[in-house]
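Asker: I have a structure here, written as structure tokens, and I will follow up with some questions on it.
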Amino acid sequence: MGRGPRRPYTAQQTFDRLYAGSADSDLWAFPPAEPSGAAHISGRPVYDRGAMVLQKIRQKVGDDTFYDIVQGWAAAHRHGNADTAQFTAYVEKTAPGKDFTEIWKDWLYGEGKPSRP
């Protein structure tokens with residue numbers, strides 16, 4: 001007998017599950033904003049830790065502003081490309097009065113596993 005449909009994890013549950021892993025994990029091999037060459041551009045830190053950065057932004061600004069950021073960013077860069085500095089500037093412009101210094105320093109550009117506040 002089946003267990004029924006699987007329910008997806010929430011963004012926070014996924015964050016918590018990833019963070020609970022070992023500090024030796026390849027998740028923490030390099031900062032998501034600084035993959036070392038083409039070989040790492042699709043690495044786990046870029047995708048999984050990059051998603052964790054988004055969740056940290058969401059925690060900082062709340063759901064409504066986060067969705068404004070994500071939707072606005074996607075619309076502004078449709079059929080184009082951008083870099084990390086442009087993204088961080090966009091986030092700061094879209095959420096004025098919020099300080100993202102620690103998120104950028106620890107989660108986006110920081111080496112190793114950040115401490116969790």
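The values are calculated or read from the model by the stated rules, or taken from the named source; none is laboratory data. Please read these numbers as outputs of a predicted model, since none were measured by experiment. Counting neighbours? That spans all protein chains shown, and the Cβs are built from the backbone with ideal geometry, glycine included. Just the protein is used for accessible areas: all its heavy atoms, side chains included, with ligands, DNA and RNA removed. Shrake-Rupley method; radii C 1.70, N 1.55, O 1.52, S 1.80 Å.
Asker: Using 0.36 nm per residue, how much length does the chain from Lys98 to Ser115 gain when fully extended, once their Cα-Cα distance is taken away?
Answerer: Separation in residues times 0.36 nm, less the Cα-Cα distance, equals 4.1 nm.
Asker: Relative contact order of the chain, please, whole-number percent, based on alpha carbon pairs below 8 angstrom and at least 6 residues apart.
Answerer: Relative contact order comes out at 34 percent.
Asker: I want to check the label-to-label distance for Asp83 and Arg17. Put each point 7 Å from Cα in the C-beta direction and report it in nm to one decimal.
Answerer: Here the answer is 3.5 nm between the modelled labels.
Asker: Which value in nm describes the separation of the simple spin-label points at Arg6 and Val70, placed 7 Å from the Cα toward the beta carbon?
Answerer: Going from the Arg6 label point to the Val70 one covers 2.0 nm.
Asker: Tell me what the chain gives for mean residue ellipticity at 222 nm when only DSSP H runs of n ≥ 4 count, each as -39,500 (n - 2.57), the sum divided by the residue total, rounded to 500 deg cm²/dmol. Let's see the in-between values first.
Answerer: Numbers: 4 runs with 46 residues, N = 117.
Computed ellipticity for the chain at 222 nm equals -12000 deg cm²/dmol.
Asker: Given a 1.4 angstrom probe, what's the average accessible area per residue across the chain, in square angstrom?
Answerer: 66
Asker: In addition: In square angstrom, rounded to the nearest 10, how much accessible surface does Tyr109 have for a 1.4 Å probe?
Answerer: Approximately 80 Å² for this residue.
Asker: Check the straight Cα-Cα distances from Lys105 and name the aspartates and glutamates below 15 Å, setting aside those fewer than 8 residues away within the same chain.
Answerer: Glu34, Glu92
Asker: Turning to a different aspect of this structure: Rounded to the nearest 0.05, what FRET efficiency is calculated for Ser25 and Lys60 with R0 set to 35 Å and r the Cβ-Cβ distance? Intermediate values should be presented prior to the final figure.
Answerer: On the way: r = 24 Å, r/R0 = 0.69.
The pair Ser25/Lys60 has a calculated efficiency of 0.90.
Asker: Within the accessible area of the chain, what % is carbon and sulfur when the probe is 1.4 Å and the other protein chains stay in place?
Answerer: The value for the chain is 51 percent carbon and sulfur by accessible area.
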